[in-house]
Amino acid sequence: MRSECLGSLLRITLNAEYFGDKYLTFSAVDRFGTAWEIDEAMASQCGYTVTYNYWGNAEFRASALSCHSQSEKDVFTITIQIKASHTPDMKNAATHLKTATCRYGPWSPRELVCEKNYMEVSVRKEVPQIVPDFIQDELEDWALAFPEAKAGESSIWQIVFHQPEKKKALLVSDAWHAGYGLNTTDSRILLRIPYSASQIQLAKAQGVTFSVVRSSTFYRQRWMILMVDTAVACPVDGVDYTNKTITWTVPKHVQPLSTGATGFKDVLIEAGVDLHKLSAEEMVSRKYSLSNDLDSITIKIPIGAEGGYYKTSVSSGQHGTKYCISLFLEHQWEDNKWGLTKHTIIKELETPFEHVELTMTNNTNLSTRLMNVTLGVFLPDVELVNLTFAGATVTVLDAIQHGYLTWENRYANGSQTYTIQVPFDATSIKKEYTRDDIRTYTLNVTLDFIIQPTRETFTIPVVTVSAIKDAVLPNARGFCDEKNLCLTIAHGNVDQKWLLFISNQHLTLEAAQKHSYSLSDNGTHWAICVPFLSPHVDYEDIHSSGIMASLHLTLKDGVTLANRRDFSVSCRFSPSQIMQCLPNGTVVITAVKLVGIADVDISQLVLRDRQCKPILVTEKTATFKFNVNTCGTRRKFNRTTMTYENEVLYFRPGNDMPIYRLKCICWYAIKQTVDVQYESKNNPAPSIKPGFGSLALSLKLFKDKTFSNLYKESEYPVVKYLGEALYFEVELLQSEDVRLELNLKDCWATNSQSSASHPQWPILRNGCENSEGSLRTIFHQVNLSPRVKFPQHLKRFEVRMFNFVQSTTLLQEQLYFHCSVVICSTMQQSSDSLCPRKCNIGKHRLDRSAESHLYGQASSGAVLFRKEKSWMRVLRAAERKMVPK
């Protein structure tokens, strides 16, 4: 803390290095040691002023005649208490005492002070004397207070305010409660008036507005009345800002300061800055001018001159500056009424707001992939506090965690710039693909600043765009396996919202599942596999070597839907993909629509016998199923094989020449040993008779879960599609013995009729569902019905076709199903876990010699698998159409 004696004022400066970041309270300490906290009202009433200068230092000023000053002759002493805290509630505040003593004198008969927050007038008690024959009719004449003086109470000071309408008298106590400061010393009377006082009038002198109070203060004694003129006037305006110059004009003669006085004579005119007087040489060096005319004093200051300073300001959210300077003028004059009057005016001037455009410099370094922007130039009173990006506001320190580094660049004149640096790969940097191999990186951050010490805030948006040739667009690799066309697409580094389209259809995960496509995204690659017989596969040509098929994908912009990349894969597939020659003489052939023949109606394809039409039609395929002895099939023999030939044809209406011809040939070996499954349909009626014998088992396939529609022998092989269920029933035949119960042990599938062949696909293990399948086996309860007389002789279960799919590839296209069973006796307890009718997850060693139940095995006919689920609806519709009339 530093104190200065500046005439009748004491100034104590608090250094910003210690006090700048703290909340402060000031208290005046009286002669008894009591501290009186100074608020705004008390400051203007008691002669205190608190302000902050450009460097953030707090300034405390006190009048020599302030309420708590201790005066003795020409010396006054003031003690203040300062509390400093880091929080506004002033908890844990540090307390500091400062006592300063100043010498001031000699006092002029009348002294006027125009401070920042109050007006002050002090006069000697013994002057001026009232002249009995000096009477004026004008209202501002202070002698008009004389009647109120005679009516006043003894030994009580009163003050009379002269208003245009009337005069108003107040006791000292009433004036004090109204905010006025009244005091007296041995030789002087003091009146201090806040600028907000109700008795202030505005008056003009030579075009300059003054705040004026016309008042008379008196004291009555038994034998005399002492009355003094306590009028005061302070300029409100008189400042002009033109041609980059501040012009301050102060009239010399102002009513009521000059009421009743004549013979004016200037004694001294001095001016200065920040309460420091300047010599003539100093004013010239700063290019100031001070002129004294007959009626006024004029001071001119170039805007930006030494002694003043620029401060940052905000207007309507715009950044700008104001030039500020604290001037003071001391004018001393003599007249025939007062003798010497000293008028000190403190004037803090501030130029109008001037918008300042900030410069943004882009220093982005492409090689280091760092965006770097410098913003400025700012004055020293500006501080960067927050950054806002991606919808979040964080402090300068917290922004480091998001990749944002900021620092100040200070210059010799105190000005500064701020630099923001952030990597291209920061999450808040917007990356956008524009064209070719170019990506644009956009930095969009808002900087929040605070102005000290006013704590005004403003924001500056910073937006910079950098274009870099670093785009790596998605690229693809295509391949095929025996049954699928596949594309693997690398994402690249373009963070675009890409959309996959196949035949102008958005390929979502749901759409892929609908068509049984394989679609995945591991974060760096998309992978898609489409079966050969799929609606989005194009078929280009058919030769004896195979069928050329193509898959086309398009990558579109997720916002504009503009085509960005096209990918395709083409492969030749084996003819076995569209044709099957089954051992029972059944031929299944799928004809495909070629891209080069656009006008073919795929539903109108026929075989040689035009009555033979497809059983299943899609947009691009037609499937025929016929026996080699039907539909115009031709047969040829040679030594080792039988050859059957037919054709899929398309005829335009009214034309007998086909424009589409697909020839199909099946070869069968003349000499071949095959296993044929059969069952006796004329089983003899069983009889209940104790003894030994064989028990027959059957494994039947039903069409639905009602288990009422059985697949006939002529319907094998049964064609099924992915997602459909197989409904199996295992039955003990030729027995009406209620003491017997059938239980399932294991069920499995093979690709041949032999139950012992490999590979094998388990369905049930130890009477339990196979938990390794994509869908678990479901058991169905068997109830008594006209067909079922002994429910304990049957077991029913359901298995989904997905159990035989790995990824999107069928494990086998033709399967046979087998089950091993245990025939248990219900009359005795068995240690085998299969007989108590419950699932046994663990493995058990079966010792047949130790148990009183029997084991057996049953198998089903062949089941053909297809992947296209949507065919089922068409197939059923076709079957309904083909019912014989």
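The values are calculated or read from the model by the stated rules, or taken from the named source; none is laboratory data. Predicted model, so just to flag it, every value in this text is computed and none were measured. Cβ sites come from the backbone with ideal geometry, for glycine too, and all protein chains shown count toward neighbours. Each accessible area value is taken on the protein alone, full model and side chains, heavy atoms only, with ligands, DNA and RNA left out. Shrake-Rupley method; radii C 1.70, N 1.55, O 1.52, S 1.80 Å.
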Give the residues of the range 458-509 that are out of contact with any Pro (no Cβ under 8 Å at 6 or more places or on another chain) and among the basic types (Lys, Arg), sorted by residue number.
-> Lys469, Arg477, Lys497
Kindly indicate which of Leu561, Leu555, Leu594, Leu649 is under 28 Å from Ser503 (Cα atoms) and more than 56 Å from the chain's Cα centre (by Cα).
-> Leu649
For the range 8-30, does any single residue satisfy the condition of being open to solvent by 10 Å² or more (accessible area, probe 1.4 Å) and touching a helix residue (DSSP H, G or I) at 6+ places or on another chain (Cβ under 8 Å)?
-> no
Of all strands (runs of 3 or more DSSP E) completely enclosed by the range 372-442, which ones contain at least 2 residues that are exposed (fewer than 14 other Cβ atoms within 10 Å of the Cβ)?
-> 392-395, 405-410, 430-435
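So that you can scan it fast, the table gives a plain yes or no per residue for (1) at pLDDT 90 or above; (2) aliphatic (A, V, I, L, M):
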| position | (1), (2) |
| --- | --- |
| Lys204 | yes, no |
| Val212 | yes, yes |
| Ser216 | no, no |
| Tyr219 | no, no |
| Arg222 | no, no |
| Ala233 | yes, yes |
| Gly238 | yes, no |
| Thr242 | yes, no |
| Ile246 | yes, yes |
Select from the range 359-371 the residues that are part of a loop (DSSP other than H, G, I, E, B) and either surrounded by 18 or more Cβ atoms within 10 Å (Cβ to Cβ) or at pLDDT 95 or above (or both) and list them in ascending order.
-> Thr364
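Condition check ((1) touching a Leu at 6+ places or on another chain (Cβ under 8 Å); (2) of a type in the set (Ser, Thr, Tyr)) across all residues:
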position	(1), (2)
Lys287	no, no
Tyr309	no, yes
Thr321	yes, yes
Leu327	yes, no
Gly339	no, no
Phe353	no, no
Thr359	yes, yes
Take the range 586-625 and flag every residue that is in contact with a helix residue (DSSP H, G or I) (Cβ under 6 Å, 6 or more places away or on another chain) and either among the basic types (Lys, Arg) or without any contact (Cβ under 8 Å) to a residue 60 or more places away in the chain (or both).
-> Lys593, Ala622
Which is under 19 Å from Tyr54 (Cα atoms) and open to solvent by 30 Å² or more (accessible area, probe 1.4 Å), of Lys311, Lys300, Lys265, Lys287?
-> Lys311
In the range 452-475, the residues that are outside any strand (DSSP E or B), at negative phi and either of a type in the set (A, V, I, L, M) or surrounded by fewer than 17 Cβ atoms within 10 Å (Cβ to Cβ) (or both) | Thr454, Lys469, Asp470, Ala471, Val472, Leu473
Please specify each residue of the range 691-726 satisfying the condition of being in a strand (DSSP E or B), open to solvent by less than 50 Å² (accessible area, probe 1.4 Å) and among the hydrophobic types (A, V, I, L, M, F, W, C).
-> Ala696, Leu697, Leu699, Leu701, Phe702, Val718, Val719, Ala725, Leu726
For Asp832, which of the numbered conditions (1) modelled with pLDDT under 85; (2) open to solvent by 30 Å² or more (accessible area, probe 1.4 Å); (3) among the charged types (D, E, K, R) fails to hold?
-> (2)
Is it the case that Gly478 is over 21 Å from Ala591 (Cα atoms), modelled with pLDDT of 90 or more and open to solvent by 30 Å² or more (accessible area, probe 1.4 Å)?
-> yes
Residues in the range 275-291: is at least one aromatic (Phe, Trp, Tyr) and free of Cβ contacts under 8 Å to residues at least 60 places away in the same chain?
-> yes
List pairs: first in the range 635-652 and open to solvent by 40 Å² or more (accessible area, probe 1.4 Å), second of a type in the set (Asp, Glu) and part of a loop (DSSP other than H, G, I, E, B), Cβ under 9 Å, 6+ apart or cross-chain?
-> Arg652/Asp599
Filtering the range 597-634 for residues that are within 20 Å of Tyr539 (Cβ to Cβ), open to solvent by less than 60 Å² (accessible area, probe 1.4 Å) and not β-branched (Val, Ile, Thr) leaves a count of 8
Out of all the residues in the range 411-435, which are over 22 Å from Asp470 (Cα atoms) and modelled with pLDDT of 95 or more?
-> Gln416, Thr417, Tyr418, Thr419, Ile420
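Conditions tested, residue by residue: (1) open to solvent by less than 40 Å² (accessible area, probe 1.4 Å); (2) in contact with a Lys or Arg (Cβ under 7 Å, 6 or more places away or on another chain); (3) not hydrophobic (A, V, I, L, M, F, W, C).
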| position | (1), (2), (3) |
| --- | --- |
| Trp526 | yes, no, no |
| Gly546 | yes, yes, yes |
| Thr554 | yes, no, yes |
| Asp557 | yes, yes, yes |
Please indicate, with yes or no, whether at least one residue in the range 370-390 is touching a Phe, Trp or Tyr at 6+ places or on another chain (Cβ under 9 Å), β-branched (Val, Ile, Thr) and more than 15 Å from Ile460 (Cβ to Cβ).
-> no
So which strands (runs of 3 or more DSSP E) stay within the range 1-99 end to end and still have 1 or more residues that are free of Cβ contacts under 8 Å to residues at least 12 places away in the same chain and among the aromatic types (Phe, Trp, Tyr)?
-> none
Does any residue in the range 436-463 that is modelled with pLDDT of 90 or more come within less than 6 Å, Cβ to Cβ, of a residue that is surrounded by 15 or more Cβ atoms within 10 Å (Cβ to Cβ) and small (Gly, Ala, Ser) six or more places away or on a different chain, and which pairs are these?
-> Tyr441/Ser466
How many residues does the range 170-193 contain that are surrounded by 19 or more Cβ atoms within 10 Å (Cβ to Cβ) and touching a helix residue (DSSP H, G or I) at 6+ places or on another chain (Cβ under 8 Å)?
-> 4
Any idea which of Phe532, Phe449 is of a type outside the set (Gly, Ala, Ser), under 30 Å from Phe389 (Cβ atoms) and open to solvent by less than 10 Å² (accessible area, probe 1.4 Å)?
-> Phe449
